[in-house]
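Undergrad: To start, I am sharing the structure in question, which I have written as C-alpha cells.
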Ligand code: SF4
C-alpha cells in the first residue's frame with residue numbers, strides 16, 4: 001500500500017491502540033490541535049513521513065511497540081512497520097507552544113474553550129523552548145483567547161519579544177486583528193497561519209460565531225504582501241458539512257492569493273461530536289484537488305519551515321506526503 005493511502009486510511013480513523021513495550025515516552029499530551037485535552041497522541045512514521053494518531057483503547061488500529069520506538073501497525077489486513085517519533089513540544093522537531101490554553105469564543109468543533117488552560121508567561125515559554133532547543137528545527141506559537149483578541153495579540157507579541165531573534169524560523173498562528181500581520185512581521189516571524197476554518201462564509205458564520213471570515217481574508221492578503229507567497233497558511237476543516245465543490249472553491253480562493261491551505265480532517269468534538277470523520281476516499285480526492293491548485297499557483301509545501309505544513313502529522317500535505 002502506498003504511503004498516501006495508508007495515511008488517508010489512518011486519518012479517517014484518527015486513533016490507535018498501543019500494545020507491547022511501554023510507549024509512554026512517545027505520547028504527547030497536548031492542549032492544541034486535534035484531540036486537545038484527550039489521552040494523548042503518537043506520531044507514527046515510515047520512510048520519513050508521519051501521521052499523528054490519538055491514543056484510544058477502543059481503536060481498531062493496533063500499534064505494537066517492540067522497544068526503542070520500533071513498531072508494527074496493524075488494521076484489518078493492512079500492516080506497516082515504522083517508528084514512533086519522539087515529540088519535542090507538541091510535535092516532533094518543533095517547540096509548538098500554546099500561549100493561552102482557553103478561549104472566549106465557542107467555535108463548534110473546538111475543544112479548547114472547555115479546557116481550563118491559563119496564559120503562560122513569556123519566561124515560562126522561553127524556558128520550555130530552552131528545554132528542547134537541541135532537538136527542534138522551528139518554534140511555532142499559537143494561542144486561544146483570554147480577554148479580547150487585542151489582549152491576546154499583545155500577549156503573543158510580548159512572548160516574541162522575549163524569545164528574540166533566533167537562528168531557527170518562528171511561525172505564529174493566532175486569531176488576527178487588522179494589525180497582526182504587520183506586528184508579527186516586525187518581530188521577525190517567518191511564517192504565519194490564520195485559519196479560515198470552514199470552506200464557505202455561511203458555514204464559517206455557523207461554526208465560529210463572533211468571528212469574521214472577511215477579517216481573516218484581509219489578514220491573509222496583507223500577510224502574503226509582507227511574508228511572501230507560500231509563507232502564509234490557513235487551516236480549513238474538511239467534514240463540517242461542505243460539499244467537495246465548496247472545498248475545492250475554498251482551496252482555490254486561498255492558493256490564488258498565494259496562501260497554502262492546510263486541509264484538516266474533522267476530529268468530531270464539542271458541538272459537532274456527532275459528525276463523522278471524512279472517509280479515506282474523500283481525503284484522497286480532496287488531496288488531488290489540493291495538489292492541482294498548489295501546482296497551478298506555483299506554491300511549494302516542501303519550503304514550509306514551521307507549524308502544520310512542516311509537521312504534516314494531522315493532514316495530507318501534497319508535495320510532502322506525495323509528489
Ligand atoms: S499537523 Fe499541526 S496540529 Fe497536527 S500535530 Fe502537527 S503541528 Fe500539531
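The values are calculated or read from the model by the stated rules, or taken from the named source; none is laboratory data. Quantities reported herein were computed from a predicted structural model and do not represent experimental measurements. Every residue, glycine among them, receives a Cβ derived from its backbone with ideal geometry; neighbour counts consider all protein chains shown.
Undergrad: Within the stretch 79-88, which residues are touching a residue at least 40 places away in the same chain (Cβ under 8 Å) and more than 10 Å from the ligand (Cβ to nearest atom)?
TA: 80, 84, 85, 86, 88
Undergrad: So, one more: Tell me the helices (runs of 4 or more DSSP H) entirely within the stretch 124-222 that contain at least 3 residues that are assigned by TED's automatic domain parsing to the domain that holds residue 110 and under 24 Å from residue 255 (Cα atoms).
TA: Counting at least 3 such residues, we get 180-186, 201-207.
Undergrad: Now for a separate question. Say we look at the stretch 91-100 and pick out the residues that are buried (at least 20 other Cβ atoms within 10 Å of the Cβ) and farther than 16 Å from residue 23 by Cα; which of these is nearest to the ligand (Cβ to nearest atom)?
TA: 96
Undergrad: While we're here: Kindly indicate the residue of the stretch 289-298 that is within 21 Å of residue 2 (Cα to Cα) and touching a residue at least 24 places away in the same chain (Cβ under 8 Å) and also farthest from the ligand (Cβ to nearest atom) among those meeting that condition. Give the steps one after another, and end with the answer.
TA: If we filter the stretch 289-298 for residues that are within 21 Å of residue 2 (Cα to Cα), which is where we start, we get 289-292.
Adding the requirement that they be touching a residue at least 24 places away in the same chain (Cβ under 8 Å) leaves 289-291.
Numbers: 289: 20, 290: 15, 291: 18 Å.
Looking at residues that are within 21 Å of residue 2 (Cα to Cα) and touching a residue at least 24 places away in the same chain (Cβ under 8 Å), I get 289.
Undergrad: Being crowded, with 16+ Cβ neighbours inside 10 Å and assigned to a helix (DSSP H, G or I) narrows it down to one of 248, 242, so name that one. Working first, answer last.
TA: Details: 242 fails: assigned to a helix (DSSP H, G or I).
Unique residue meeting the criteria: 248.
Undergrad: I'd like the residue in the stretch 26-52 that is within 16 Å of residue 84 (Cα to Cα) and modelled with pLDDT under 95 and, out of all such residues, is surrounded by the fewest Cβ atoms within 10 Å (Cβ to Cβ).
TA: 29
Undergrad: Filter the stretch 201-226 for residues that are touching a helix residue (DSSP H, G or I) at 6+ places or on another chain (Cβ under 7 Å) and surrounded by 19 or more Cβ atoms within 10 Å (Cβ to Cβ) and give the result.
TA: 204, 219, 222, 223
Undergrad: Would you tally the residues in the stretch 299-317 being part of a loop (DSSP other than H, G, I, E, B) and either free of Cβ contacts under 8 Å to residues at least 12 places away in the same chain or within 8 Å of the ligand (Cβ to nearest atom) (or both)?
TA: The number of residues fulfilling the criteria is 4.
Undergrad: Given the conditions (1) free of Cβ contacts under 8 Å to residues at least 60 places away in the same chain; (2) within 16 Å of the ligand (Cβ to nearest atom), report the number of the one that residue 267 does not fulfil.
TA: Of the numbered conditions (1) free of Cβ contacts under 8 Å to residues at least 60 places away in the same chain; (2) within 16 Å of the ligand (Cβ to nearest atom), the odd one out for residue 267 is (1).
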